[in-house]
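The values are calculated or read from the model by the stated rules, or taken from the named source; none is laboratory data. Everything quoted here is computed from the prediction, not taken from an experiment. All Cβ positions, glycine included, derive from the backbone under ideal geometry; neighbour counts span all protein chains shown.
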Amino acid sequence: MSAGTVLLVEQSLNGLQFGIMLFLMAAGLTLVFGVMNVVNLAHGSLYMVGAYLCASVFAASGSFLLGVSTGIAGATLVGILFEVTVFRRIYDGDHLDHVLATFGLTLICNEVVRMIWGPTALFAAVPQGLAGQVQLMPGLSYPAYRLAIIVVGLMVAGLLYVLVNRTRLGMVIRASASNRTMAAALGVNDVVLYTIVFGLGAALAGLSGLMAAPVFAVTPGMGDNVLILSFVVVVIGGIGSVRGAFLAALLIGFVDTFGRAFLRPLLASLFAGNVADNAAPAMASLLIYALMAVVLFFRPQGLFPPRTR
Amino acid sequence: MDRTKVLAMLTVLGLALVPVAAWAFDEPFWIDLFARVAIFAIAALSLDLILGFAGLVSFGHAIYMGLGAYTVGILSYHGITAGLVHFPAAIVVSALAALMIGAISLRTSGVFFIMITLAFGQMGYFLAISINAYGGDDGLSINRQSDFGSLLRLDDLHVFYYLVIVILAALLWLGFRLVNSRFGLLLQAIRFNERRMNALGFPTFRYKLAAFVISGAVCGLAGALLANLTLFVSPSLMHWFRSGELLVMVIAGGMATLVGPVLGAIIYLMLEHVLAGLTVHWPAVLGAILLLIVLFGKQGLAGILLARKKVKEAKPHG
C-alpha cells in the first residue's frame, strides 16, 4: 500500500467525518426552516450546549453514556425553551426579526456558558473504549473515535430519512413544510408540531456538538463557525431539503478537508520558494466559499431544492 | 424641512459639540469614544441604505469595514503613507468586493441572501486570519495615520474628530439626496414589490447591485477611518459579531431614516461602553436588550422621536 493511497484514504475519512457533523447541524437548520420558515442563528448555541454538557458530565461521572444522554437532553430542552419563549412570538415576523432575535439568543448563550465554565477551553476526553486506533488496512490506522462519529452519523442520517419519509410524524412534517396553513386546517396541531421539530433540530445539533467536543476545542462561541459552515451547506443543498443537506454536507466536508490537506503540497510542486506556505492556507480557507459562489451562480436555488415547494 | 432632517442636523450638531463637552468636563477620552461612534455611524448609515431602503438584509457588512481598514494597514505596511492613496484605495477595494459579493448574493433573496452575505463575511474573517504575512490572527499595527501633509494632520485627535464629523454630515446630506432621487425611489419601490418593478421594465438586479456597491464603498471609507483612529487592524473587525452589531445599530436607531442608524450607533456604543465597565458579560445584556427590541418594538429610536409624523406604511412583502 503506497503512502499516497494511505493519505488519500485517511483524508477521505476525515472529510466524511467532518461532513457528517456538518450534516447533523444542517439537517436541524433546514428542517426548522422548511417547516417554520425561521432562520435560527442560535442553532450554534445548541451545538455548544451539547458539547459542554457532555464533556463536563462525562468528566464528573466517568460515564460517557450519561454524558451523551445529558448532552442531547440538555440541548433539546434548551431548544424547546427557545421555541416556547422566543420563536413562537416571531414566527409571523420577517426574516430580519428572526436574525436579530436569534443573534441576541446567541450572545446570551455564549455569555452564560462563559459564566458557568469560564472563558478558557474545556478539556473533552475521548471515552476509553474508543481511545485507540483501528488498523483499517496495512499502513493505515485511524482513530476509533472518529470512526465512531462516522458510524453514528450515518445511522442518525438513516433514522432521520426513515422518520421524515416513512412515519406519520414525518408525513405531518412534510405536509407542514409544503403548506402549513392547509396542514393546520386539516387538523395538524401546528403548535405542538413546531415544538417537536425544533426539539428534533436541537437534539441533532447537541449530538453534533458533543461528538465534535473531543476533536475540536470546547470554547464559548464554538458553535458559531460550525453554524456558518452549516449555512453554506444548507444554501448549497437547497433550503428545506434534508437530502440536499446530506449531499452538500459531504461535499463541503471533502472539499474543505482536501483543500487543507493537499493544496500546500500541490502549490509547492508547482511554484518555487515559499509561495505555497503563504498562499495555501488562504486559498484553503476560501475554497468552500468559492464553491458556494459557483453553485449559486449556476443554481441560485441550491443543488437539490425540495420538490414540495 | 421635515422632521427627519431636523433630527439629523441636531444629531450632527450634538456630535460636533462633544470636544467642547470633553474639554469642559475634563474627559478627553470622550473624543476618542465619539470618534469611534461617528465612524460606526457612517458604517451603519451605509447599511441602512440597502437594509432600510432596498430591503436587503446584509449580515456580512463588517467585511467592507474590515477591507477598508486592512487596505490602509497593508498600504502602510508597505511604506505607502499618503492619505490620498489610502482613502481612494480603501473605497475602491471595498466597492469591488461589494460588486463581486453582490453580483452573486443578489441572485438570491430572502433568507438565502442573509445566509450568503453572512458566509461571505466569514470568508473575509478567515482570509484575514490565514494570511500570516499581514499578521494573521494577531492583526497588524499601523505606524502612523494617513499622511495628508501639513494641511490636515490626522494625528491631532481634534482634527481627526472633525474630519469624521464632516464626512458623516456630508454622507447624511448625500444620503437624503440619494434616497429621494429617482434611484432611491426605485430602490424603495423594489422593496415593496420587486415583481411589479420588473414587469414595469426596470432592471431591478442592476439597481440593487448599484445600491449594494455604494453601501460597500461607504462602509469601506468607515473602515479606513477606523484604521486611522485605532492604528491597528485585526481579523475581528470582520467577525460576524461585528456585522450583527451594525444590524443592531440600524434597527435600534430606526430603519430607513438615515439618521436612525447614527442614533443607533450612539446608543449601542455608549451602552457597550457603560456595560463593559460594569460586567465582563456585557454581551449577554446586549443580547437581552436585542430580544426585547425584536419582541416589543421595532420602529427604533428615530421612529419613536418621529412618531407624530409617522405615516402608516404597508408591510413590504419580501
Report yes if some residue within segment A:67-82 is within 30 Å of B:Glu245 (Cβ to Cβ) and within 14 Å of chain B (Cβ to nearest Cβ); otherwise report no. yes
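Specify which of the listed residues (B:Ser46, B:Ser94, B:Ser150) is polar (S, T, N, Q), within 28 Å of B:Pro19 (Cβ to Cβ) and at pLDDT 95 or above. Show your work before the answer.
Values: B:Ser94 fails: within 28 Å of B:Pro19 (Cβ to Cβ); B:Ser150 fails: at pLDDT 95 or above.
Residue meeting the stated conditions: B:Ser46.
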Checked segment B:239-298 for anything at the interface with chain A (Cβ under 7 Å from one of its Cβ atoms), within 16 Å of the chain's Cα centre (by Cα) and over 16 Å from A:Asp97 (Cβ atoms); matches are B:Trp240
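Going through B:Leu221, B:Leu226 one at a time, which residue ends up being assigned to a helix (DSSP H, G or I) and more than 30 Å from A:Gly223 (Cα to Cα)? Let's see the steps before the verdict.
Values: B:Leu226 fails: more than 30 Å from A:Gly223 (Cα to Cα).
Answer to the selection: B:Leu221.
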Go through segment A:232-285 and report how many residues are among the acidic types (Asp, Glu) and buried (at least 18 other Cβ atoms within 10 Å of the Cβ). 1
Condition (residue is surrounded by fewer than 24 Cβ atoms within 10 Å (Cβ to Cβ) and in contact with a His (Cβ under 9 Å, 6 or more places away or on another chain)) applied to segment B:245-253: is it met by at least one residue? no
Pick out, from segment B:16-93, the helices (runs of 4 or more DSSP H) lying fully within it that include 1 or more residues that are buried (at least 24 other Cβ atoms within 10 Å of the Cβ) and either of a type in the set (A, V, I, L, M) or within 18 Å of the chain's Cα centre (by Cα) (or both). B:29-48, B:62-77
What single numbered condition from (1) part of a helix (DSSP H, G or I); (2) farther than 28 Å from B:His86 by Cβ; (3) not β-branched (Val, Ile, Thr) fails to hold for B:Ser215? (2)
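Residues checked against (1) touching a Gly at 6+ places or on another chain (Cβ under 6 Å); (2) hydrophobic (A, V, I, L, M, F, W, C):
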position: B:Trp23; (1), (2): no, yes
position: B:Trp30; (1), (2): no, yes
position: B:Ala35; (1), (2): no, yes
position: B:Gly60; (1), (2): yes, no
position: B:Ile63; (1), (2): yes, yes
position: B:Thr71; (1), (2): no, no
position: B:His78; (1), (2): no, no
position: B:Ala82; (1), (2): no, yes
position: B:Val85; (1), (2): no, yes
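Tell me, yes or no, whether segment A:152-162 has at least one residue that is on the phi > 0 side of the Ramachandran plot and either loosely packed, with under 13 Cβ neighbours inside 10 Å or not in a helix (DSSP H, G or I) (or both). Let's see the steps before the verdict.
In the first step, residues of segment A:152-162 are kept if they are on the phi > 0 side of the Ramachandran plot; the result is none.
No, the conditions are met nowhere in segment A:152-162.
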Could you check how many residues of segment A:88-115 are part of a helix (DSSP H, G or I) and either of a type outside the set (A, V, I, L, M, F, W, C) or free of Cβ contacts under 8 Å to residues at least 40 places away in the same chain (or both)? 18
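Yes/no per residue for (1) in contact with a Pro (Cβ under 9 Å, 6 or more places away or on another chain); (2) within 23 Å of B:Tyr268 (Cα to Cα); (3) crowded, with 21+ Cβ neighbours inside 10 Å; (4) of a type outside the set (Lys, Arg):
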site: B:Tyr161; (1), (2), (3), (4): yes, yes, yes, yes
site: B:Gly184; (1), (2), (3), (4): no, no, no, yes
site: B:Phe192; (1), (2), (3), (4): yes, no, no, yes
site: B:Ala199; (1), (2), (3), (4): no, no, no, yes
site: B:Lys208; (1), (2), (3), (4): no, no, yes, no
site: B:Leu226; (1), (2), (3), (4): no, yes, yes, yes
site: B:Pro235; (1), (2), (3), (4): no, yes, yes, yes
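For segment A:21-52, how many residues meet the condition of being within 28 Å of A:Val134 (Cα to Cα) and either touching a His at 6+ places or on another chain (Cβ under 8 Å) or surrounded by fewer than 24 Cβ atoms within 10 Å (Cβ to Cβ) (or both)? Break it down into steps so the answer makes sense when it comes.
Filtering segment A:21-52 for residues within 28 Å of A:Val134 (Cα to Cα) gives A:21-25, A:47, A:50-52.
Now restrict to residues that are either touching a His at 6+ places or on another chain (Cβ under 8 Å) or surrounded by fewer than 24 Cβ atoms within 10 Å (Cβ to Cβ) (or both): A:25.
Count: 1.
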Selected residue (criterion: modelled with the highest pLDDT) from residues of segment A:164-193 that are loosely packed, with under 14 Cβ neighbours inside 10 Å and of a type in the set (S, T, N, Q): A:Thr167
Selection from segment A:168-198 of residues that are within 25 Å of A:Leu210 (Cβ to Cβ) and free of Cβ contacts under 8 Å to residues at least 40 places away in the same chain: A:Leu169, A:Gly170, A:Ile196
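Those residues that are of a type in the set (A, V, I, L, M, F, W, C) and farther than 14 Å from A:Val234 by Cα, I need them from segment B:101-135; list them, please. Please lay out each step first, then the result.
Of segment B:101-135, the ones of a type in the set (A, V, I, L, M, F, W, C) are B:101, B:103-104, B:106, B:111-116, B:118-120, B:123, B:126-129, B:131, B:133.
Passing the criteria: B:Ile101, B:Ala103, B:Ile104, B:Leu106, B:Phe120, B:Met123, B:Phe126, B:Leu127, B:Ala128, B:Ile129, B:Ile131, B:Ala133.
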Assuming A:Gly71 fulfils every condition listed in (1) under 16 Å from the mean Cα position of the chain (by Cα); (2) within 21 Å of A:Arg243 (Cβ to Cβ) apart from one, which condition is it? (2)
With criteria (1) within 14 Å of chain A (Cβ to nearest Cβ); (2) more than 22 Å from A:Ala26 (Cα to Cα); (3) aliphatic (A, V, I, L, M), B:Leu84 comes up short on (1)
Per-region count, segment A:54-85, residues buried (at least 19 other Cβ atoms within 10 Å of the Cβ) and under 30 Å from B:Leu51 (Cα atoms): 3
Within 21 Å of B:Leu221 (Cβ to Cβ) and touching a helix residue (DSSP H, G or I) at 6+ places or on another chain (Cβ under 9 Å), is that true of B:Ala95? yes
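Would segment A:15-38 turn up any residue that is part of a loop (DSSP other than H, G, I, E, B) and in contact with a helix residue (DSSP H, G or I) (Cβ under 7 Å, 6 or more places away or on another chain)? Working first, answer last.
Within segment A:15-38, the first condition is being part of a loop (DSSP other than H, G, I, E, B), and the residues that meet it are A:37-38.
Going one step further and asking which of them are in contact with a helix residue (DSSP H, G or I) (Cβ under 7 Å, 6 or more places away or on another chain), we end up with A:38.
The answer is yes, given that some residue of segment A:15-38 is part of a loop (DSSP other than H, G, I, E, B) and in contact with a helix residue (DSSP H, G or I) (Cβ under 7 Å, 6 or more places away or on another chain).
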